[in-house]
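The values are calculated or read from the model by the stated rules, or taken from the named source; none is laboratory data. As the structure is a prediction and not an experimental result, all values here were calculated from the model. We place every Cβ from the backbone using ideal geometry, glycine too, and count neighbours over all the protein chains shown.
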């Protein structure tokens, strides 16, 4: 047996590697160092994420690739990596008091979270189907555990179980798709698949097309596209709220990054006509998500359906494709991350002790008892609804504008129509919080001001406003994004 | 391309045939004189008590999972050993990294009390 | 000053921010007068900007200031920039002046309200959004203001969120403030959908949204009647029908009266509802290229004016009479836009802002004195008790009715004579009839509220319109001691009354003097007044004046004493009376046709599709696949089987779509 040595260059992999190493350090520090209060582990984790962010920024513009072009650190991947790192850091800040109130173990939680961050970034950097799958599993497994992390809560356990089973189901489809593509093209590297697909015999091979279809299924499951969205409401509702926040933004960013890369690099639109299928999925997702969200009374469930609808909006950008679609998607993902984190952060801040306030009735009058949390949620929800001058408006404008420019006017019209429908359910909680008398059982004053939580929420809200008022910088950045 | 996999196919046939022949030949040639004692699950072991379909202490699963985890990692050493001479330094570093990661898991399980029976 | 144009919207924003953050902790007086000061300062800045604009030569009367680039996407960019020309100058003057007076009034009106900080925050925020709307130099920024004023309107209509019904002393059932706010929001959103599509289409066509580039492109690229411009302008007009309460979307405005009265005066009479008119005036270059749209605008406008006036004839709630009157007057403005008499429309917008704000605030003073009772069957005889309010209301009513030499007379007459001289005689006839109805219903309100004998005392047997007032005793307010309000409320009334009296002299017809307003607006509209002979003009003025006088006369005759004549009329034509009293059943029709199917669809998706159909299919197929083996069945726990099966169906569909194509 002859060994071919891989081309080892760890530098482009650092954004994924550092969180992984940090995860191991946190695990070791948790068990080896004495002391009962382990809060400083969070600081260690944040330092790791900061270091990863530093190297991510340093890598910008270099367009390095490694491991025989199975890892590509282009600007698009790095932009997504920054979004994921930011979401990870925010999630840690959201979690500290949440975990303490429920007496859950911080060390394990942080290690799992960092592992998931590492897998997500690996997925964003991957230019090879096997590496994409590796990243996908690397972030999915910790998330299954994290969903069930509140062990004494039935809903949390149920969420973890459902996510695990359905996630395995979809992973099987994804892997099967990789196998079929390998069978048809003799390659797993996206660039090589693209080269092989330029031959008409390959491109019309049903095995090849079926492989592509199964990739759509696998990605569709992770980003929450209808009709693969079934797990989302149940899992989002049951999982601990910070984890729901993390899943809703970071999973979407990572899976969409790979989704974009796979379909823009491996299946050029001239070879496989996938635009129509994806446009259809976008329409179904937007409609199912928005219409189903209308009747929800639990905010986590409502935001889950909203996340399905948002997956549909982002998919429009993929249908548009090209530079315009790519930069629109990157901007949208960044905007969605900050505003969704703001909304979930506000929701976490509404809780007291291990009691959460999640339904519309429980949130009534929150503006009087928790004015800051209510304000944060109100701004984030307005942004999600697409009100100017918040980030969500610019993001939607950018995506729909790209669709109109590319000739997909009908898709943009359906998108606009859908976002008008969505206004109703985004405003409903605001009305409840600001226009109703307080619900029963609000304690007069919180026992301790949750500083970390407040920092995360305030930063998210400020970014939501800043990206709406001054989107220029972020847009320039998004436009520099490209797939190598 | 398919030629590369021919040895694999031969191995598959041989292993299936080996198992089939072993079971088949003993069934064909062996004398059968069943008694009640011979019919027991563990002929020369402890007499079984109660039903096997009962709950087992959860720690048993933990130990089993940890065992399988490390056991399977060991398998990785075999292909590594086969090609080791082709690039000794490089492969040594690679394996050290691999073992280090395993070690972190080991330490974690140990400190968390995963090996304590009680 | 031109560098400080941004101060005009920024000052109310500052006031709103301060009141939002620390208003609750400030003393009441500080919080309230801070809001007033912010508005007054904005008015001062607006006057400064106006004077500077006047100093410019008339062919270059534009101050354009770009703050920063907001969105830049390739060649496309949207700036945050302000555009001050005669049109926006008039708008900011009206908004800040009327806004300041209403803010002062609100200090007195809301003196018993504990949540004053929230009220003034939202009022100042509204002023900010409205000023952004009128000062924007591109459609996207205008849309920002457009959505912003909608949001503030929604919040302020629902201000009394904890009350089920704000109407006192009546047996009529109205929507609760919360539902009214939602209704306003949802209905205007239908219009906004059209507006959004119009803006998208505009961006698609011209590659830009800034006024300069769009208008230049429209003038150079398109002929009159180009289909794409017609579609674009129609879509934008749909937005205007929502915001300016035109047919078929006017239903939200009467219910918006559930908000506090200063809100009704500022937002739902003087400023926000005129945004649609302003938008069309601003886009007149586009509209002039689309004669078909212009015709639609004119017809919708005049029909709205007529239908709303007929509904106002029978309403019993004083504020609702004024609300339908607002709808009707907005119809006049739309009519002006539709026949190309843009400056006449803006003129009416301005005079209407004065006299309608005056009428609402006077009605508010009545409510303030009568413990929020607004059912006119229970009012009456207030002329002596509330003398200042009576006189101001009377001046407003005369202006609205178009009594000669009052402001509304000049502006309405200009619209009507433009309709006649532009050859739209049918529109003119409907307009004149509506003018008569207008004069009638507003003097009906004057008579019922201020004339006759008092009907508010419990147990007093006084009949009006065939009904015995004491039948409403169960709803009556107890312990009433009506008295005139304090100076903070009467001063704005007097100032607005002066405006309603004299604002009309800015735009006198040619035979009487000079139309200064039209000349001031000429750089914007380039509108040439068709030459009309003095005889014809005198004739048209005479007919307008006659319509007003006849309407006033009939109303005063009918509603003298116990008003038997209208009661007899109502008894004689019961179905017509019911039709008008119930507002043509439009609310019920919309509910049946639109609202219910919408709710049904939402529930269907959730319960039926998610719950029953998918799980039903799953159960059925699950039975069919029972022999599929134990391994598969052990996975089918809870509802998971449904999810997995639905996913599987999705997989098959995706594969089929991709492979079959």
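Couple of notes before you dig in:
- Single residue of segment A:326-365 satisfying the filter (within 14 Å of chain C (Cβ to nearest Cβ) and buried (at least 24 other Cβ atoms within 10 Å of the Cβ)) that is farthest from residue A:390 (Cα to Cα): A:326
- Which listed residue is touching a helix residue (DSSP H, G or I) at 6+ places or on another chain (Cβ under 8 Å) and more than 11 Å from chain C (Cβ to nearest Cβ), from A:216, A:232, A:178: A:178
- Yes/no for residue B:16 being assigned to a helix (DSSP H, G or I) and out of contact with any helix residue (DSSP H, G or I) (no Cβ under 9 Å at 6 or more places or on another chain): yes
For (1) under 28 Å from residue A:418 (Cα atoms); (2) within 14 Å of chain A (Cβ to nearest Cβ); (3) at pLDDT below 85; (4) touching a helix residue (DSSP H, G or I) at 6+ places or on another chain (Cβ under 6 Å), each residue gets a yes or a no:
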position	(1), (2), (3), (4)
C:193	yes, yes, yes, yes
C:244	yes, no, no, yes
C:265	no, no, no, yes
C:283	yes, no, no, no
C:287	no, no, no, yes
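- Helices (runs of 4 or more DSSP H) lying entirely in segment B:23-118 (those with 3 or more residues that are closer than 30 Å to residue A:8 by Cβ and away from chain A (no Cβ under 14 Å)): B:58-75
- Qualifying position, being within 26 Å of residue C:10 (Cα to Cα) and assigned to a loop (DSSP other than H, G, I, E, B), among C:143, C:159, C:119: C:159
Table: residues versus (1) in contact (Cβ under 8 Å) with a residue 60 or more places away in the chain; (2) in a loop (DSSP other than H, G, I, E, B); (3) crowded, with 24+ Cβ neighbours inside 10 Å.
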position	(1), (2), (3)
C:295	no, no, no
C:302	yes, no, yes
C:308	no, no, yes
C:311	yes, no, yes
C:314	yes, yes, no
C:327	yes, no, yes
C:336	yes, no, yes
C:344	yes, no, yes
C:348	yes, no, yes
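- Condition met for residue A:164 (within 14 Å of chain C (Cβ to nearest Cβ), touching a residue at least 40 places away in the same chain (Cβ under 8 Å) and either assigned to a helix (DSSP H, G or I) or within 14 Å of residue A:218 (Cα to Cα) (or both)): no
- The residues of segment A:410-421 that are at pLDDT 85 or above and touching a helix residue (DSSP H, G or I) at 6+ places or on another chain (Cβ under 8 Å), listed by number, are A:411, A:412, A:413, A:414, A:415, A:416, A:418, A:419.
- Residue in segment C:53-66 that is touching a helix residue (DSSP H, G or I) at 6+ places or on another chain (Cβ under 9 Å) and buried (at least 23 other Cβ atoms within 10 Å of the Cβ) present: no
- Segments classed as helices (runs of 4 or more DSSP H), wholly inside segment C:361-465, with at least 1 members that are touching a strand residue (DSSP E or B) at 6+ places or on another chain (Cβ under 6 Å): C:407-421
- Of the residues C:38, C:29, C:16, C:49, the single one that is closer than 30 Å to residue C:489 by Cβ and surrounded by fewer than 17 Cβ atoms within 10 Å (Cβ to Cβ) is C:29.
- Residues that are touching a residue at least 60 places away in the same chain (Cβ under 8 Å) and over 24 Å from the mean Cα position of the chain (by Cα), drawn from segment C:212-257: C:212, C:214, C:215, C:218, C:219, C:222, C:223, C:224, C:225, C:226, C:229, C:230
- Being under 30 Å from residue C:162 (Cβ atoms) and touching a residue at least 24 places away in the same chain (Cβ under 8 Å) holds for only one residue in C:63, C:102, and it is C:102.
- Restricting attention to segment A:26-41 and to residues that are assigned to a loop (DSSP other than H, G, I, E, B) and touching a residue at least 24 places away in the same chain (Cβ under 8 Å), the residue that is nearest to the other protein chains (Cβ to nearest Cβ) turns out to be A:38.
- Test: residue in segment B:15-38 that is modelled with pLDDT of 85 or more, under 30 Å from residue A:184 (Cα atoms) and surrounded by 10 or more Cβ atoms within 10 Å (Cβ to Cβ): yes
- Considered as a group, the residues in segment A:249-283 that are within 11 Å of chain C (Cβ to nearest Cβ) and surrounded by fewer than 19 Cβ atoms within 10 Å (Cβ to Cβ) include one that is modelled with the highest pLDDT, and that residue is A:280.
- Within segment A:182-194, the only residue that satisfies the criterion of being loosely packed, with under 14 Cβ neighbours inside 10 Å and on the phi < 0 side of the Ramachandran plot is A:183.
- Filter pass, residue A:397 being within 14 Å of another protein chain (Cβ to nearest Cβ), touching a residue at least 60 places away in the same chain (Cβ under 8 Å) and either more than 22 Å from the chain's Cα centre (by Cα) or not in a loop (DSSP other than H, G, I, E, B) (or both): no
- Criterion applied to A:287, A:297 was being closer than 23 Å to residue C:656 by Cα, surrounded by fewer than 21 Cβ atoms within 10 Å (Cβ to Cβ) and either within 12 Å of chain C (Cβ to nearest Cβ) or in contact with a helix residue (DSSP H, G or I) (Cβ under 9 Å, 6 or more places away or on another chain) (or both), and the one residue passing it is A:287.
- Any hit, segment C:379-390, residues being without any contact (Cβ under 8 Å) to a residue 60 or more places away in the chain and in contact with a helix residue (DSSP H, G or I) (Cβ under 9 Å, 6 or more places away or on another chain): yes
- Condition check for residue A:291: touching a residue at least 12 places away in the same chain (Cβ under 8 Å) and within 23 Å of residue A:417 (Cβ to Cβ): yes
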